[in-house]
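Here's the structure, in structure tokens; my notes come after.
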Amino acid sequence: MNSKSQLFCAWCGIGFLLLFTAGWWFLARFLPPPAPSLDAAEVAAIYQQHTGGIRFGLVLAMIAAALTAPWVAVIAIQLRRIEGNTPALAYTMLVAGAVGVLVLLLPTLLWTTAAFRPERGADLVMLLNDLGWLLFVMTFSPFFIQNLVIGLAILGDKGAEPVFPRWLGYFNIWVAILFVPGGLVTFFKTGPFAWNGLLAFWLPLVVFFIWFLIMFAALLSAIRQQSGTTASSAV
Amino acid sequence: MTSPPPAIQRLPGEAGIWVLVLGDMCVFGLFFGVFTYFQGLNPELYSQSQATLNTHYGAVNTLLLLLSSWLVVVAVDGLREGHNIRAAKFLISAFLCGAGFCVIKVIEYSEKISSGIGITTNEFFMYYYVLTGLHFLHVLIGMAVLIYLAGKTRRELSDKDIQVFESGAIFWHMVDLLWIVIFPLLYLVN
Amino acid sequence: MTALIKHPATPVWFVLVAATLIAWWFGDNAAREPGQSVLWTSIALIAIAFFKVRLVIRHFMEVKNGPWQLQLICELWLLGVCGALCGMKWLARY
């Protein structure tokens, strides 16, 4: 029973990837992102031309964002197994992960507000567009903390049968460091560190996607290992 | 690979550290490539901006990191033979080299900032601040690792512990080798 | 003290320091006027840097005694990044 609810939570992570891709990418067409160098009229035109797609796509993206809540919870549960009675890192991960849910959720509503009345002044549409993208790309700090504590918890696993393989700990630290260039988008409107740039956006985006898939596989085997040990100890 | 194959082939450190180290090296490799590509599109801007950098800071920092790397190699080698106290001294010395690197870097940054050169001044200084800043973050992480390892020498060490030392050392050497590339790329090559 | 001087890492370290000093002097004094000489100075500086990186990887990180897969990945990284940088310098020479 216990492992079934955990499996459900892990699959929610995959649900997030699929639904967010469908809504945010294919329907709202936010990939590649509108360049931060566009002027107000150009930004407003995007929201005026694709109003329907953006509205519907962002409803899906909003639902998708909430699916990261169970995903974060099941990672926290597995980290708790490592830490036992004093799960400081697991709780840190849970709190940072909860903030991360908001960082994925709130931009969908800011962009939605822009698409809600696309006929309003172009400057206002641009403001909302800026707010959404800055929140979405620049806010690396909760994800940094999240991945860092996952990494530290895994590396601190002293159990005879570790919950996660140690390389996954190092991998999480690598991912954490990779998110840092996102913080640079405040300075640039063009180039690799703008919010549509190679090193501030594309690289973290691709790595974030791969992180989900790798964590998913690791969670499945950790949950299987846990139900195996509890079953044998019950007998 | 001209040298004859050694008698014992052994993975240095634990396997996982190579995920982090090779991953970071690939990301920095991409950064170096992007920098060199855009340098080729606008060489005058890059060489004019580069001329305002003080190569002495970069070169002294290279020497500091090389020294620290050597100290770490000798420290880890000593640990394998049980010289824990000597290893601790060498690790702390390496940490101090890292601290020296940071002091020079901060002096260099403050000189640049006080003469009005910031991250948005131009494309060259964007890369200058981002590359050196990200490397700075790695130096800080590496210094934390060195202090952690120095503290760990106080107890009896198992083979597994030695592996942790090797892993930490490999990370510190990566910090060194990234600077070995960043220094000529930012300060010298035009 | 003699043990430190005899340590296998010590001669490697001296080579690294010497290479750094050469690159430092070279970078400060080499011709900077546009033309072929700048290209070759750049390529030489990049080559020296990756020669040093290879020494650090093989001797300090102890990859030279590691499994061949690790050695291969490291060599490919060196070749790939160094080759890409020199190649871009070559293509941007005019």
*Can you give the calculated 222 nm mean residue ellipticity of the protein assembly as shown, where each DSSP H run of n ≥ 4 adds -39,500 (n - 2.57) and the sum is split over every residue, rounded to the nearest 500 deg cm²/dmol?*
-25500 deg cm²/dmol
*What percent does the relative contact order of chain C come to when contacts are Cα pairs within less than 8 Å and at least six residues apart?*
30 percent
*asked:* Can you tell me which of B:Glu81, B:Glu111, B:Glu14 moves the most in a GNM of chain B? Springs connect C-alpha atoms under 10 Å apart.
replied: B:Glu81
*Which angle from 0 to 90°, rounded to the nearest 10, does the C-alpha axis of helix A:2-20 make with the longest principal axis of chain A?*
20 degrees
*Relative contact order (percent, whole number), chain A, Cα cutoff 8 Å, 6+ residue spacing*: 22 percent
*Alpha carbon centroid spacing (whole Å) that separates region B:64-107 from region C:9-79*: 22 Å
_Show me the helices of chain B, taken as full DSSP H stretches, that run 20 Å or more along their long axis by Cα and average -0.5 or above in Kyte-Doolittle hydropathy._
B:15-41, B:55-80, B:84-114, B:123-152, B:159-183
_Table column - 3J(HN,Hα) (Hz), region C:51-61, Karplus curve with 6.51, -1.76, 1.60, x for Gly and Pro_ = 4, 5, 4, 5, 4, 4, 4, 6, 9, 7, 7
*Ranked by Cβ crowding within 10 angstrom, fewest neighbours first, how are A:Glu119, C:Glu62 ordered?*
A:Glu119, C:Glu62
*Rounded to 10°, Cα long-axis angle of helix C:9-29 versus longest principal axis of chain C*: 10 degrees
*How would you classify the protein assembly as shown from its alpha-carbon gyration tensor, with a ≥ b ≥ c the square roots of the eigenvalues: rounded for a/c under 1.5, else prolate if a/b is greater than b/c, otherwise oblate?*
oblate
*For region B:25-87, just say rounded, prolate or oblate: build the C-alpha gyration tensor, square-root its eigenvalues into a ≥ b ≥ c, call rounded for a/c under 1.5, and beyond that prolate if a/b exceeds b/c, oblate if not.*
oblate
_Shape verdict for region C:12-91, please, from the Cα gyration tensor: rounded (a/c under 1.5), prolate (a/b greater than b/c) or oblate._
oblate
_chain B: relative contact order as a whole-number percent, Cα under 8 Å and 6+ apart_ = 37 percent
*Helix A:141-155: angle to the longest alpha-carbon principal axis of chain A, degrees 0 to 90, nearest 10?*
20 degrees
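Rule-based calculations on the coordinates, nothing more; no lab input. Quick caveat: nothing in here was measured; it's all calculated off a predicted structure. Don't worry about glycine lacking a Cβ; one is built from the backbone with ideal geometry, like all the others, and counts go over all protein chains shown.
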